[in-house]
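Asker: Below is one structure. I have some questions about it.
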Amino acid sequence: MITLKGIKKIYANGEIQVAALRGVDLQVDEGEFVAIMGPSGSGKSTMMNILGCLDRPTEGSYVLDGIDVSRASSDELSVVRNTKIGFVFQGFNLLARTTAVENVELPMLYAGVPAKERRERALAALESVGLGARVYHRPKELSGGQQQRVAVARALVNRPAIILADEPTGNLDTKSSIEVMAIFQRLHQNGNTIALVTHEPDIAEHTKRKIFFRDGAVESDEKIEIQRIAD
Ligand code: ADP
Ligand code: ADP
């Protein structure tokens, strides 16, 4: 699903150069559930920005779902962002004056899905995150945990190749964090590919692979063996 080779990112502010990523090689297969961890300044946000096609590496190649995005134009990148990637942010990033269902419809609007299908799929996505009874509420009328579940519904509704979540539980209390992680786990069980950044070891425990960054490089990469249950 994702292949990164020799990824470097150098930020240049006038005379000063900061090497945020110093040569990262990484493979994430379809259906993996990955936590990206590491101290502040280790390159996690830079990595997420590159994975999300919000930013391009200074060097190296990035292939996402068969597309070499490190060579894509800005227009091509924006198409990839809108069709291949579902984003979940720490601060939810919902449109304030817009209902839950309209927020979830938004990525499908960009993807050109017809109105009737948009509504049906948005309602189904909200149902799947346990918000079937809140679809016409606006963000202010929802708790933090509910808002983040709307954001998760929005992230998954276009059936993206990967869901990227940047500290998705950072603004949530323990109970809501566990609810949101339970939803990610279910999405993972249904075959979705998910990568999330977290500082919290307890949150990372819900995932199946922990990649630790330090000083712009991968320090360790621990996969938890998946127990296959015979079907
Ligand atoms: P993390 O998310 O792990 O805290 P970041 O990816 O934000 O790490 O940052 C990695 C390094 O790159 C840090 O030294 C940070 O200060 C630097 N950095 C990040 N973004 C920029 C930028 N836009 N311009 C200059 N330096 C940056
Ligand atoms: P977040 O984890 O929410 O991305 P950051 O502090 O890592 O927060 O970054 C916030 C914004 O500031 C990002 O756009 C990042 O690229 C930029 N940034 C981070 N560090 C620096 C820096 N040293 N110089 C300039 N911009 C930076």
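Asker: Separation of segment 13-53 and segment 128-154 by C-alpha centroid, Å?
Answerer: 29 Å
Asker: Another question about this same structure. Quick check on my link table: of K44/K175; K8/K44; K116/K175, which ones sit more than 23 Å apart, alpha carbon to alpha carbon?
Answerer: From K44/K175; K8/K44; K116/K175, over 23 Å: K44/K175; K116/K175.
Asker: Quick one: length gained pulling R56 to Y11 fully straight, 0.36 nm per residue minus the C-alpha distance?
Answerer: 15.1 nm
Asker: Once phi is turned into θ = phi - 60°, what whole-Hz ³J(HN,Hα) does the Karplus curve with 6.51, -1.76 and 1.60 give for every residue of segment 190-196, x standing for Gly and Pro?
Answerer: After applying 6.51 cos²θ - 1.76 cosθ + 1.60, I find 7, x, 6, 9, 9, 10, 10 Hz.
Asker: Name the residues whose placed amide hydrogens come within less than 5 Å of the amide hydrogen of V88, ignoring near sequence neighbours (fewer than 5 apart) on the same chain.
Answerer: Answer set, sorted by chain and number: L164, A165, D166.
Asker: Sequence neighbours fewer than 8 away in the same chain don't count; with that in mind, list the aspartates and glutamates whose C-alpha is under 17 Å from K84.
Answerer: By straight Cα distance, K84 reaches D29, E30, E32, D55, D65, D68, D75, E76, E105, D166.
Asker: How high is the relative contact order of the chain, in percent, with contacts defined as C-alpha pairs under 8 Å that are six or more residues apart?
Answerer: The value is 28 percent.
Asker: Related question: Hey, what does the equivalent ellipsoid look like for segment 42-135, semi-axes from the Cα gyration tensor as sqrt of 5 times each eigenvalue, largest first, whole Å?
Answerer: Semi-axis lengths for segment 42-135 are 29, 16, 11 Å.
Asker: Which of these, K44, K208, K175, has the largest mean-square fluctuation under a Gaussian network model of the chain (Cα springs below 10 Å)?
Answerer: With Cα springs under 10 Å in the chain, the top fluctuation among K44, K208, K175 is at K175.
Asker: For segment 155-184, list residues with backbone N below 12 Å from a point placed 7 Å from the Cα of A124 toward its Cβ?
Answerer: 157-159, by backbone N distance to the label point.
Asker: Ratio of Rg to Rh for segment 87-231, alpha carbon only, Kirkwood?
Answerer: 0.99
Asker: Counting only C-alpha contacts under 8 Å and six or more residues apart, can you give the relative contact order of segment 102-231 as a whole percent?
Answerer: Computed value for segment 102-231: 19 percent relative contact order.
Asker: Right, here's the next one. Looking at the chain as a GNM with Cα springs under 10 Å, which of V157, V129, V113 has the largest mean-square fluctuation?
Answerer: Checking each option, the largest mean-square fluctuation is seen for V113.
Asker: Can you quote the Å³ per residue value for the convex hull of the Cα atoms in segment 1-100, rounded to an integer?
Answerer: Value for segment 1-100: 150 Å³ per residue.
Asker: In addition: Taking the chain as a Gaussian network, where each spring joins two C-alpha atoms under 10 Å apart, which residue of I50, I36, I16 fluctuates the most?
Answerer: Largest GNM mean-square fluctuation: I16.
Readers should treat all values here as calculations from the given coordinates under stated rules, not as data from a laboratory. Everything numeric here is computed off the predicted structure, so don't read it as measured data. Note: ideal-geometry Cβ built from the backbone for every residue, glycine included; neighbour counts use all protein chains shown.
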